[in-house]
Amino acid sequence: MKLVTVAGPPSSGKTAIIVKALGHLQREGRRVGVVKFDCLASHDAELFRAAGIPALVGLSGNFCPDHYFTTNIEDCFAWGRRQDLALLVSESAGLCNRCAPHIRGHLAVCVLDQLAGVHTPLKVGPMLKTADLVLVTKGDIVSQAEREVFAFRVRQVNARARLLFVNGITGQGSWEVSRLWDEAPEDTPLTGGRLRFPVPSAVCSYCLGETAIGAEHQHGTVRKIQIPEAESH
């Protein structure tokens, strides 16, 4: 079975692209499935199942999404094998742009929204920097110059990744995406594998349920902002 990790900011078009791309593979007789990782709520499983795609949904709640992904992806991978899938897609929303849900040896995809602004790629962390394939959505409603500037910004962060402009509504570019996913590495071991980038630190007092504000309540891994001293007049 092949595993493809898809990540990107919320509402960037990940689900729509996945449905379109997997549709091409389904029509070729491939068995495909999706596991969707989110925080509070998700209705995407209904969209996948309506398209005939088996789907799992995992909600991290008050747990760090990256830690939740890392501790559950092995079980989801085993589920995909039991379903006799040829390809399993893991979808994860990069809620803080610091998410790192890509795994060494497995195809890594990052989805970005062209309308989010030309500086967006510089604000996105490992889910873009460590990706093999970058898919840019909504580029059809801006000028060619704006698309080129956005592509340049993406390459400033990740020069080695392949970049495609796609449309999750019309499906434009989804066939090319399906070809790349169909060529993803197969039967790469997951157990014992490694993430491409460490997940965020999550061992401060607020991670453990603290709600009070104040230095005396802040324990564990705490990072303070550097504020320069006021200039004397």
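Each reported figure results from applying straightforward, stated rules to the coordinates on display, with no laboratory input. Just so we're clear, the structure is a prediction, and the values are computed from it rather than from any experiment. Positions of Cβ are generated from backbone atoms using ideal geometry, with glycine treated the same way; all protein chains shown enter the neighbour counts.
Write down the Kirkwood hydrodynamic radius of segment 103-180, to one decimal in angstroms, obtained as one divided by the mean of 1/r over all alpha carbon pairs.
12.7 Å
Want the number for Thr70 to Gln172: 0.36 nm per residue separation, take away the alpha-carbon distance, what's left? Before the final figure, lay out the partial values.
Working: separation 102, 0.36 × 102 = 36.72 nm, distance 3.21 nm.
Working it through step by step, the gained length comes to 33.5 nm.
In this model, which of Lys138/Lys224; Lys123/Lys224; Lys36/Lys129 are farther than 29 Å apart at the alpha-carbon? Kindly include the intermediate steps, with their values, before the conclusion.
Values: Lys138/Lys224 37 Å; Lys123/Lys224 20 Å; Lys36/Lys129 21 Å.
Distance filter (> 29 Å) returns Lys138/Lys224.
If I model a spin label as a point 7 Å beyond the Cα along the Cα-Cβ vector, how far apart are those points for Lys129 and Ala41 in nm?
Result: 3.4 nm between the two label points.
What order do you get for 99-111, 152-164, 129-141 when each peptide is scored by the mean count of other beta carbon atoms within 10 Å, highest first? Let's see the in-between values first.
Working: 99-111: 24.2, 152-164: 14.7, 129-141: 20.5.
Result, highest mean first: 99-111, 129-141, 152-164.
Calculate, in nm to one decimal, what Arg27 and His217 gain on full extension: separation in residues at 0.36 nm each, minus their alpha carbon distance. Working shown, then result.
Details: separation 190, 0.36 × 190 = 68.40 nm, distance 5.66 nm.
Contour length minus Cα-Cα distance gives 62.7 nm.
Quick one: net charge around Gly80, please, counting Lys, Arg +1 and Asp, Glu -1 for every other residue with C-beta under 15 Å from its C-beta.
Working: positive: Lys2, Arg30, Arg31, Lys36, Arg81, Arg82; negative: Glu74, Asp75, Asp84, Glu91, Glu186, Asp187.
Result for the local shell: 0.
For segment 149-204 and segment 62-133, write down the distance between their C-alpha centroids in whole Å.
Here the answer is 8 Å between Cα centres.
May I ask you to derive the FRET efficiency for Leu122 and Ala50 from their Cβ-Cβ distance with R0 = 25 Å, giving the value to the nearest 0.05?
Result of the calculation: an efficiency of 0.10.
Taking springs between alpha-carbon atoms closer than 10 angstrom, which of Pro126, Pro189, Pro65 fluctuates most in the Gaussian network model of the chain?
Highest fluctuation among the options: Pro189.
Using θ = phi - 60° and the Karplus form 6.51 cos²θ - 1.76 cosθ + 1.60, what ³J(HN,Hα) does each residue of segment 197-208 get, whole Hz, x for Gly and Pro?
Here the 3J(HN,Hα) series is 8, x, 6, x, 5, 8, 9, 10, 4, 6, 5, 9 Hz.
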